[in-house]
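K.L.:
One structure, as structure tokens, below. Some questions next.
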Amino acid sequence: MAYEDPAVWGSWIFFTVKGKFQLQIIPEYSNQPDMPLAALRNTKLRTYGGEINVGVAWFRRVRTSVGWMLDQNDVMWSGANTDDSYVQDTGIILPKAAESARRGAATANVTFDFRARQQAVMYGNALGFSLEVGGTRWGSDDKTNYWKAGVGYEHGIRFFRRHNLIMRAGANAGDNLPLWAENSAGGTNLRGYLYRQFQGDTHLRTQVEYHFPLFSLWGVDVRGLVFNDAAAIWYRKLPAKTGDTYDLRSDGRQFLPPSLLHQGFQVGQDLHSSAGAGLRFFLRTVAIPLVGLDVGNGLGTKDVRLILILGV
């Protein structure tokens, strides 16, 4: 839940207050080749907390903000996926992926947004930078100290009044990231692959979409699109190895063994791409889609995935 005031007393100042309660299962996959496409370990996480952000929209187009988040992350259970054939065949024992922790972090954001919309068509560009720093001074417990930085760019070009080419690119990097703050690819940001199929502390990504009108029915515009997603994601830094085990990190994070998870960027294993097509349904008076459906194929794989999109 969130409350946002985009212009306090009609000024350029804005603020947002958020509260959250979330239950999720975080899967972990091997990034080694020729492994079965199944989660090797699952972790059920319960998160609750809040966040506040205050900023200034300079001339309405340039937004700067700072914020503070505080949440509790409880690991309810974590262990090997006993339904996976590799786990069954090898009898591998995987310890708990992480320990419960309290996270307190300061955030900062800068956005230059020169986009505009004409009904369902977006044109112009936007550039954003973000920084998140967690530590005891911000309310974390002694073991949750990390940083995470990101940059994102989006550019829309309008053709023939109702056709739209949208290009996106971004990068994220961090150090000592908790399990729930690690970068991930798959699902909506890498269509054609499983949700969080790839994880790492470093993530580069691109998306290219071409949108075009199909037909209108009862006040709803139906548009099609074709897309290409790409991502490079890997771990720059993992703990030292002892035999076939990465050492336990000071915050309780235990990574998959080196035989299942490698450190460093390898082109053949850490670079992924997908392509596909989809539909978007717009009300003529609303600039964002009510619902969408994409079909993506991970290039070089035989996997085809369906992705349902709501209000994005």
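The values are calculated or read from the model by the stated rules, or taken from the named source; none is laboratory data. Just so it is clear, the structure is predicted and the values come from calculations on it, not from any experiment. Because the Cβ atoms are built from the backbone with ideal geometry, glycine has one as well, and the counts that use them run over all protein chains shown.
K.L.:
Among what's in the stretch 138-172 and is of a type in the set (Gly, Ala, Ser) and within 22 Å of Trp68 (Cβ to Cβ), pick the residue that is farthest from the chain's Cα centre (by Cα).
P.N.:
Gly139
K.L.:
Related question: Just to be sure, is Gly124 in contact (Cβ under 8 Å) with a residue 12 or more places away in the chain, under 27 Å from Arg280 (Cβ atoms), surrounded by fewer than 17 Cβ atoms within 10 Å (Cβ to Cβ) and in contact with a Lys or Arg (Cβ under 6 Å, 6 or more places away or on another chain)?
P.N.:
Yes, satisfied.
K.L.:
Also, quick follow-up: Would you confirm whether any residue within the stretch 132-152 is over 30 Å from Leu214 (Cα atoms), surrounded by 15 or more Cβ atoms within 10 Å (Cβ to Cβ) and acidic (Asp, Glu)?
P.N.:
Yes: one or more hits.
K.L.:
Could you list, ordered by first residue, the pairs with Cβ atoms under 8 Å in which the first is in the stretch 133-147 and more than 9 Å from Asp251 (Cβ to Cβ) and the second is acidic (Asp, Glu) and surrounded by fewer than 18 Cβ atoms within 10 Å (Cβ to Cβ), at least 6 apart or interchain?
P.N.:
Thr136/Asp142; Trp147/Asp175
K.L.:
A follow-up question, please. If you go through the stretch 83-101 one residue at a time, how many are within 19 Å of Leu45 (Cβ to Cβ) and surrounded by fewer than 17 Cβ atoms within 10 Å (Cβ to Cβ)?
P.N.:
Qualifying residue count, the stretch 83-101: 3.
K.L.:
Looking at Asp244, Asp201, Asp221, can you tell me which residue is among the acidic types (Asp, Glu), modelled with pLDDT under 95 and either farther than 29 Å from Pro95 by Cα or in contact with an Asp or Glu (Cβ under 7 Å, 6 or more places away or on another chain) (or both)?
P.N.:
Every option except Asp221 fails the conditions.
K.L.:
Still on this model: Tell me, yes or no, whether the stretch 3-15 has at least one residue that is surrounded by fewer than 13 Cβ atoms within 10 Å (Cβ to Cβ), of a type in the set (Ser, Thr, Tyr), assigned to a strand (DSSP E or B) and at negative phi.
P.N.:
Yes, the stretch 3-15 contains at least one residue that is surrounded by fewer than 13 Cβ atoms within 10 Å (Cβ to Cβ), of a type in the set (Ser, Thr, Tyr), assigned to a strand (DSSP E or B) and at negative phi.
Quick grid of which residues meet (1) under 30 Å from Gly264 (Cβ atoms); (2) in a strand (DSSP E or B); (3) in contact with a strand residue (DSSP E or B) (Cβ under 9 Å, 6 or more places away or on another chain):
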residue	(1), (2), (3)
Lys18	no, yes, yes
Asp34	yes, no, no
Ala39	yes, no, yes
Thr47	no, yes, yes
Asn53	no, yes, yes
